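What follows draws every value from the coordinates through simple rules; no lab data is involved. Computed from a prediction, not measured in an experiment: that's the story for all the values here. Virtual Cβ from ideal backbone geometry, glycine too; neighbours counted across all protein chains shown.
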Amino acid sequence: MTSPAIASSPARPAQTETLSPLLGASQQQLTDWVQQQGQPAYRGKQLHQWLYSKGARSLSDITVFPKQWRAQVAEVPVGRSRLHHRAVAPDSTVKFLLRLTDGQIIETVGIPSEKRLTVCVSSQVGCPMACDFCATGKGGFLRNLAAHEIIDQVLTVQEDFQQRVSNIVFMGMGEPLLNIKAVVAAVRSFNRDIGISQRAITISTVGIPGQIQRLAEHRLQTTLAVSLHAADQALREQLIPSAERYPLEQLLADCRDYVQITGRRVTFEYILLAGLNDSEAQAAALAQQLRGFQSHVNLIPYNPIAEVAYQRPSRKRVRAFEHWLQQAGTAVSVRYSRGLEEAAACGQLRASQAQPQAMRKVESVSAKR
Ligand code: SF4
């Protein structure tokens, strides 16, 4: 997306049919729009504030607008989704299923910690990459999200927690670099309209040929996280079928270029699968691949799903793998998926909603918004 298409009609009664959702528009674009509707320029600032800070879901919610004009523009699409389902995990992580205007369901996760509120956003409905270990990948692909549908996820979490979002990770459903235009537009809006630093935003990819270069050209200050999961091509192809078209050497060369162009560090995600990619030799191979690279490795012990037979390694093995990498001079940390108890890591909540018998502890709320 793109910024919303704003009608370029002269001042006259509200024209609603030519507007795309307002969410994603800058204050200047909103100011231009209100003026085209015959309203004073300061209403643009009010509209911006109500869209991004005060939770307006319809222009009729904006009580500072004159009653008559509010009625005229009540049907102008704002671009907010409806809450379909909300689940709270014992660790306070909150998972949301959001119903989009075409009825599709996407997943968003709010992850609070002492000093942060992180949102894990989706960039597509489903995902075409079909990674062998992933619940979302098992469900297929339906469509890309528009930028306003990505922005809406962050506003939903911010409003639910009544707390400013500090960090955003594109690690929900979908492959962000297959939807780069909407993702970049959303990142710019997060920064410009909601006040979230680009440095606090991470875009995660399994690697799409040519797209890391394309992302670099946007010169964002976001972090790039590349899902590696294996240090050799054959195993990587087993886990990520699309890797067949993107040799590991080329992927790493593109990551090096990304660091050069943007000045930003790349992090590598490595899902630890018991007996498959968690040996000492594989740790050594990974360290070797990343030697001399300005990077950081995030180890993610696997979050088991019913559809596949992969297993999570023991904590002892996770610690050992971390130690082997450290010994080899690789910067590394371990990240356990939060919300595990409520089946909410990467696509699991949405997948389990399609099979109600799999849901046991999840608290449902009816959709009012
Ligand atoms: S791991 Fe990410 S890229 Fe792979 S199928 Fe799942 S959502 Fe898609």
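The table below lists the values:
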| read-out | value |
| --- | --- |
| Given charges at Cβ of Lys, Arg, Asp, Glu: region 27-73 dipole, positive-most of VAL64, GLN37, LEU51 | VAL64 |
| Note, ³J(HN,Hα) from phi for region 124-140, Karplus 6.51, -1.76, 1.60, rounded to Hz, x at Gly and Pro | 9, 8, x, 7, x, 7, 6, 4, 5, 9, 10, 5, 5, x, 6, x, x |
| Calculated [θ] (222 nm, deg cm²/dmol) that DSSP helices of n ≥ 4 give over the chain, each run adding -39,500 (n - 2.57) | -9000 deg cm²/dmol |
| Lys/Arg +1, Asp/Glu -1 at C-beta; the chain dipole; positive extreme among PHE161, LEU215, ILE203 | PHE161 |
| Net charge of neighbours whose Cβ lies under 15 Å from the Cβ of GLY263, counting Lys and Arg as +1 and Asp and Glu as -1 | +3 |
| Residues LYS45 and ASP232, FRET efficiency given R0 of 45 Å [Cβ-Cβ distance, rounded to 0.05] | 0.25 |
| Computed over region 27-73: relative contact order in percent, which uses C-alpha pairs under 8 Å that are six or more apart | 26 |
| Relative contact order of region 113-348, defined on C-alpha pairs under 8 angstrom at six or more residues apart (%) | 17 |
| When the chain is reduced to its Cα atoms, the Kirkwood hydrodynamic radius in Å | 21.7 |
| Amide proton proximity set for VAL332, modelled H, under 5 Å, gap of 5+ | VAL297 |
| Magnitude of the charge dipole, the chain, Cβ model with Lys/Arg +1 and Asp/Glu -1, debye to 20 | 1020 |
| Long-range HN-HN contacts of HIS84 with modeled amide H, under 5 Å | LEU97, LEU98, ARG99 |
| Stretch gain in nm, segment SER53-GLU114, where the contour uses 0.36 nm per residue and the Cα spacing is subtracted | 19.7 nm |
| Estimated FRET transfer efficiency (GLN327, ARG82; beta-carbon r; R0 56 Å; 0.05) | 0.65 |
| Long-range amide H partners of PHE141 with built H, under 5 Å | CYS127 |
| Whole-angstrom Cα spans of region 232-306 along principal axes, big to small | 41, 24, 24 |
| Vicinal HN-Hα couplings computed from phi for region 288-302 (Karplus, 6.51 cos²θ - 1.76 cosθ + 1.60; Hz; Gly/Pro x) | 5, 4, 9, 4, x, 9, 7, 8, 9, 9, 9, 8, 10, x, 4 |
| For region 69-82, 3J(HN,Hα) per residue [Karplus equation, 6.51 cos²θ - 1.76 cosθ + 1.60, θ = phi - 60°, Hz, x = Gly/Pro] | 5, 4, 5, 5, 9, 4, 8, 5, x, 8, x, 8, 8, 10 |
| Net length gained if the chain between ARG317 and HIS218 were fully extended (0.36 nm per residue, minus Cα distance) | 31.7 nm |
| Dipole moment magnitude, nearest 20 debye, region 237-276 about Cα centre, only Lys, Arg, Asp, Glu C-beta charged | 200 |
| For peptides 206-217, 140-151, sequence by mean Cβ density within 10 Å, most packed first | 140-151, 206-217 |
| Net dipole in debye of region 27-73 [+1 Lys, Arg Cβ; -1 Asp, Glu Cβ; about Cα centre; nearest 20] | 140 |
| Members of LYS115/LYS138; LYS138/LYS181; LYS95/LYS115; LYS115/LYS316; LYS138/LYS316; LYS115/LYS181 lying beyond 27 Å, as alpha-carbon distances in this model show | LYS115/LYS138; LYS115/LYS316; LYS138/LYS316; LYS115/LYS181 |
| Selection from VAL119, VAL226, ASN303 lying farthest towards where the dipole of the chain points positive, charges on Cβ | VAL119 |
